[in-house]
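See below for the structure under consideration.
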Amino acid sequence: MLKTLLWDTDTAILVLILVLMTILGAVFGSFACCQAWRWRYHALGKKELGQWSVCMHCRKRIKWYDNIPIISWLVLRGKCRYCHKKIGIADFLSEIGMAVAFFMLSWAYLVPILNNWSQLVAAHPTLLVVKLATFIITLIMLVVLVVLAVYDAKWGELPVVLLALSIIFGMMVFVLKIFEVSLSDNPDVIGAIINAGIGVLILAGSCLVIYKASHEKLMGAGDWLLALALALALADWWLALWTIFLANLLGDVIALPSALKKKGHVVHFGPFLVAAFVIVLVLGNCLPLLLVSFRI
Ligand SMILES: [Zn+2]
């Protein structure tokens, strides 16, 4: 414990890596929002508007100093510098969320890998590759998920290509996690697959049931496919249960009041599923790992 707190060169490098990963997370959060807009323009056949970062209201090009993730939003208080119209909370939330997620995931997964680098290279090179691949694919999947969440929040749709991508990435994380179990001292691969399978039934299954039972009013067809991608990536029934619980809680608190006010208003569940997934990934997956590493 004491050793990890000492400021030697190794620690300084690890702290630097964590800071860089946090900044990278904020940048990717911002990038994901831009991608959502670009995807929208592409879907509407308006390509020319998607080339630059422009204000969506006055079409003025946004200067680089107004495009710094998190900071610019706070400085401008969520408004365009020129026309003073609102930029939207989605950009800010995805930048903050991704910064926190990248920081926590790097701390829980990347730092232990780097700490044991020479040992892993010498004794378990396959395990090293599997661990690094899981980490990187999870981060890429997060970017795709944020694009989906922003798109669903703004336009109430989940683009099929992005859904397919998230399921492919979820599948890859699932295979890597099972493979990592097979490399461990206690290679209970069947148990791990059953665990992930129950998670899929809980998370994707419940979304499918709500989708069918509510005749698409409470949930769309895309939601259960998104839930499938999330359940695969979690590969754990307990975390899957937490995700569906949190997504419903967030949906009830945030979306239901406005849905009750406007008749015929459809709740878009995608953003809540993604938000719950990120929270569960950060708190349910990373925090226990960190607590163990600090022997708390
Ligand atoms: Zn403007």
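Points to keep in mind about this one:
- Residue with peak Gaussian network fluctuation, the chain [Cα springs, cutoff 10 Å], from Gly45, Gly251, Gly156: Gly45
- Pairs beyond 32 Å (Cα-Cα), from Lys46/Lys217; Lys46/Lys177; Lys63/Lys154; Lys131/Lys217; Lys86/Lys217; Lys79/Lys177: Lys46/Lys177; Lys131/Lys217; Lys79/Lys177
- Peptides 32-38, 228-234 ordered by packing proxy, namely the average of other Cβ atoms within 10 Å per residue, highest first: 228-234, 32-38.
- Other-chain or far-sequence residues with amide H under 5 Å of Val54's (modelled H): Ile62
- When the chain is treated as a GNM with alpha-carbon contacts under 10 Å, the residue of Asp152, Asp185, Asp236 showing the greatest mean-square fluctuation is Asp185.
- Whole-Å semi-axes of segment 114-180's equivalent ellipsoid (Cα gyration tensor): 32, 12, 6
- Integer Hz, Karplus 6.51/-1.76/1.60 couplings in order for segment 101-117, x for Gly and Pro: 5, 5, 4, 5, 5, 5, 5, 7, 10, 6, 4, x, 5, 5, 4, 9, 3
- Reference-scaled alpha-carbon Rg (2.2 N^0.38 Å with N residues) for the chain: 1.07
- For segment 170-185, Karplus couplings with θ = phi - 60° (6.51, -1.76, 1.60), whole Hz, Gly/Pro x: x, 4, 5, 4, 4, 4, 5, 5, 5, 4, 5, 4, 5, 8, 7, 5
- Extent along the principal axes, Cα only, for segment 33-130: 59, 33, 19 Å, with the longest axis given first.
- The chain: relative contact order as a whole-number percent, Cα under 8 Å and 6+ apart: 18 percent
Rule-based calculations on the coordinates, nothing more; no lab input. Everything numeric here is computed off the predicted structure, so don't read it as measured data. Cβ atoms come from the backbone with ideal geometry, glycine included; neighbour counts cover every protein chain shown.
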